[in-house]
Amino acid sequence: MPRLSVGDTAPDFTLPTADGGSLTLSDLRGEHVVVYFYPAAGTPGCTKQACDFRDNLASLQSHGYRVVGVSPDSPAKLQKFAEAEELTFPLVSDPEHAVMEQWGAWGEKTLYGKVVTGVIRSTVVLGVDGTVELAQYNVKATGHVAKLRRDLGIDAA
């Protein structure tokens, strides 16, 4: 799968959200948006990463960034995850992984020494015009938000 690069226009999407609504990416134009892709709600690594975004959300927002999490989970599973972890940013469902494929966040990866096809943990930061300002693939769940803050020039809270 091709990956997004700095300067690319991010493919638009409309996906169902954990709260029963939907989110259209282009509706967020005019804001910086952090779109992060994760394999499965409720797993240890994905929970750690989501909670890191939650714990840094106020600081990211104060610097003009919105956060959107994307996984192949159903909206019902995402709602349970959001409630259990007190997540206040949108989680969207991409069960057919069409958006993940367009964004380069779906493909072959090595998991426990085996090559499998699935979600590639990734983060893409968009500028106010919807173009890619930062694209990171195969990121680690732990410590990723701190690294992202450093890369964006946002000091720790």
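The values are calculated or read from the model by the stated rules, or taken from the named source; none is laboratory data. Only a predicted model underlies this, so the values are computations on that prediction, with no experimental measurement involved. Reconstructed Cβ throughout: ideal geometry from the backbone, glycine too, with neighbour counts over all protein chains shown. Heavy atoms of the whole protein, side chains included, go into the accessibility calculation; ligands, DNA and RNA do not. Shrake-Rupley method; radii C 1.70, N 1.55, O 1.52, S 1.80 Å.
Modelled with pLDDT of 95 or more and open to solvent by 30 Å² or more (accessible area, probe 1.4 Å): is that true of Pro72 in this structure?
Answer is yes for this residue.
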Practice task
State which residue pairs qualify: first residue acidic (Asp, Glu) and inside the stretch 120-136, second residue outside any strand (DSSP E or B) in any location, beta carbons under 9 Å apart, and separation of 6 or more residues or different chains.
Solution key: Asp129/Arg29; Asp129/Gly30; Glu133/Val6; Glu133/Gly7; Glu133/Gly127; Glu133/Leu152
Handout entry: Of the criteria (1) under 21 Å from Arg121 (Cβ atoms); (2) open to solvent by 20 Å² or more (accessible area, probe 1.4 Å), which one Gln61 fails
Key = (1)
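Please go through the stretch 51-97 and give me each residue that is small (Gly, Ala, Ser) and in contact (Cβ under 8 Å) with a residue 40 or more places away in the chain, ordered by number. Break it down into steps so the answer makes sense when it comes.
Step one: filter the stretch 51-97 for residues small (Gly, Ala, Ser), giving 58-59, 62, 64, 69, 71, 74, 76, 82, 84, 93.
Correct list: Ala58, Ser59, Ser71, Ala82, Ala84, Ser93.
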Practice task
Kindly indicate whether any position in the stretch 23-34 is among the basic types (Lys, Arg) and within 13 Å of the chain's Cα centre (by Cα).
Solution key: no
Exercise for the section: Please verify whether the stretch 121-144 includes one or more residues that are open to solvent by 50 Å² or more (accessible area, probe 1.4 Å), assigned to a strand (DSSP E or B) and of a type outside the set (Lys, Arg). Expected result: yes
Practice task
Pick out the one residue from Phe89, Phe81 that is at pLDDT 95 or above and over 13 Å from the mean Cα position of the chain (by Cα).
Solution key: Phe81
